[in-house]
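Please read the structure below before turning to the comments.
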Amino acid sequence: MHIDKYEEAIMNCRFCFMCRHLSAIGNVRFTEVDTPRIRAAMLYGLRTGTNSFDDEDFVDALYRQDLSACCVHHCVNHYDENGLALAARADVVEAGKAPEAVRKLAAKLEKSVGWKAEGKGDVAWFLDETTASDKAAVAAAKRLFSAAKVSPKVITGGCIGKALKVLGYLPEAKAAAERFAAFLKDEGVKTLVVSNPAAVNALKQDYPEFGVKLPCEVKSMAGFVMQAKVKFSKPAGEVYALADDFIRNYQGCACMDKLLAALKAVNKPFGTNDEETYNCGEGAVVLDKLHPELVKALAEYVAARADDPKKDRIVVGSVYTKKALVKYGRLNAVTLDELAASCL
Ligand code: SF4
């Protein structure tokens, strides 16, 4: 089983409650089942035969996880309880026990695999569906490209494998990755600038895991802007920048902090600690489609921690998080790209 690769997490997390406060879903449902300890205990039970994927409550708990990777990031031993959860989903799918809503969503994602390119040159911008759905974020990215004096080829289209992987559909995710890599090769892309941190993570971590080689260098928008030495004429001022799940916890990348420093942002501490995720399930990629009620609860949890919800400028890494915080939390949230564009 896929979970066998996560022996350390199963054996250690099942007795540990140290990171329970970082379980975003546990924090809004007030349930122990939504913590790494109980999930690991349930998966231990699966191996010893006292638990089974026939138990719908067990499978539902696996598909409720926010997958922020906060716990593994802050665990003193970095036991990969997040990887364990993803592996468990893959085992659920292989056992044919995926809930109907998950099966339907995966089928839709698989159908969406396919892209088109507009423009010329070997520098391309991957405008994923989530980012494309937010006009302000798209306009900000265009302004940043213009400031960098780059006119990229624009690639739009569907799933590049990330959401399928997160749902546990590994062969389908790998097939999507292979198709996207082949598409980029056919288009002659040498540099791919990517707005969505989930897509950056797919290209930089998932693709090598699948053994899929890309024909190009991948850059986050923040990394591209920094490397292009874009000049900013206005300081960003006071903001509350929320650490992104993929950028901080999955990749350990400092690009968000570096760009905030270049924008002369005065980053104020948010909430009661800087360890939690405030990204409303960004790591779970499609939690808003499976469990909008949980995304609402997560956004309300974040809003309750804002000093001045209407005025505080909350800066986030993804359109996914921005939309959740604006829609359900009524917060003044902008993406990092929007903040950067406002400083030009
Ligand atoms: S990830 Fe680390 S802190 Fe969290 S339950 Fe596992 S061992 Fe404990």
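The values are calculated or read from the model by the stated rules, or taken from the named source; none is laboratory data. It should be emphasised that the depicted structure is a prediction, and the values quoted were computed from it without experimental measurement. When we count neighbours, we look across all protein chains shown, and the Cβ atoms used for this are built from the backbone with ideal geometry, even at glycine.
Can you find a residue that is over 30 Å from Tyr63 (Cα atoms) and either under 22 Å from the mean Cα position of the chain (by Cα) or aliphatic (A, V, I, L, M) (or both) anywhere in segment 165-185? Within segment 165-185, one or more residues are over 30 Å from Tyr63 (Cα atoms) and either under 22 Å from the mean Cα position of the chain (by Cα) or aliphatic (A, V, I, L, M) (or both).
Scanning segment 32-55 for residues that are away from the ligand (no atom under 14 Å from the Cβ) and either among the acidic types (Asp, Glu) or not assigned by TED's automatic domain parsing to the domain that holds Asn82 (or both) returns Asp54, Asp55. Within segment 60-77, residues that are within 15 Å of Ala98 (Cβ to Cβ) reach partners that are near the ligand (Cβ under 10 Å from one of its atoms) and charged (D, E, K, R) with beta carbons closer than 9 Å, at six or more positions or on different chains, in the pairs Ala61/Arg39; Leu62/Arg39; Gln65/Arg39.
Checked against the criteria, Ala98 does not count as in contact (Cβ under 8 Å) with a residue 12 or more places away in the chain, more than 19 Å from the chain's Cα centre (by Cα), surrounded by fewer than 17 Cβ atoms within 10 Å (Cβ to Cβ) and away from the ligand (no atom under 16 Å from the Cβ). The helices (runs of 4 or more DSSP H) found entirely in segment 107-224 that carry 1 or more residues being touching a residue at least 24 places away in the same chain (Cβ under 8 Å), charged (D, E, K, R) and outside the structural domain of Cys255 (by TED's automatic domain parsing) are 129-132, 135-147, 162-166, 170-186.
For Arg29, the criteria (1) more than 16 Å from the ligand (Cβ to nearest atom); (2) touching a residue at least 12 places away in the same chain (Cβ under 8 Å); (3) closer than 23 Å to Glu172 by Cβ hold in every case but one, which is (3). Across segment 56-95, the qualifying residues are those that are over 23 Å from Pro292 (Cα atoms) and not in a helix (DSSP H, G or I), and the one among them that is farthest from the ligand (Cβ to nearest atom) is Ala95.
Considering only segment 1-26, state which residues are within 13 Å of the ligand (Cβ to nearest atom), of a type outside the set (Ser, Thr, Tyr) and not in a loop (DSSP other than H, G, I, E, B). Outline the logic, then answer.
First, pick out the residues of segment 1-26 that are within 13 Å of the ligand (Cβ to nearest atom): 6-23, 26.
Then keep just the ones that are of a type outside the set (Ser, Thr, Tyr); that gives 7-22, 26.
Listed by number, the residues that qualify are Glu7, Glu8, Ala9, Ile10, Met11, Asn12, Cys13, Arg20, His21, Leu22, Gly26.
Only one of the listed residues (Ala181, Ala136) is of a type outside the set (Asp, Glu), surrounded by fewer than 17 Cβ atoms within 10 Å (Cβ to Cβ) and over 25 Å from Leu290 (Cα atoms). That residue is Ala136.
Name every residue in segment 245-277 that is part of a helix (DSSP H, G or I) and more than 18 Å from the chain's Cα centre (by Cα), in order of residue number.
Filtering segment 245-277 for residues part of a helix (DSSP H, G or I) gives 245-250, 255-262.
Those that are part of a helix (DSSP H, G or I) and more than 18 Å from the chain's Cα centre (by Cα): Lys258, Leu259, Leu260, Ala261, Ala262.
In this structure, does Lys116 turn out to be under 24 Å from Ala177 (Cα atoms) and modelled with pLDDT of 95 or more? Yes: the conditions hold for Lys116.
For segment 101-113, the condition of being of a type in the set (A, V, I, L, M, F, W, C), farther than 16 Å from Leu287 by Cα and crowded, with 16+ Cβ neighbours inside 10 Å holds for at least one residue. Evaluated against (1) buried (at least 21 other Cβ atoms within 10 Å of the Cβ); (2) at pLDDT 95 or above, Asn332 falls short on exactly one condition, (1).
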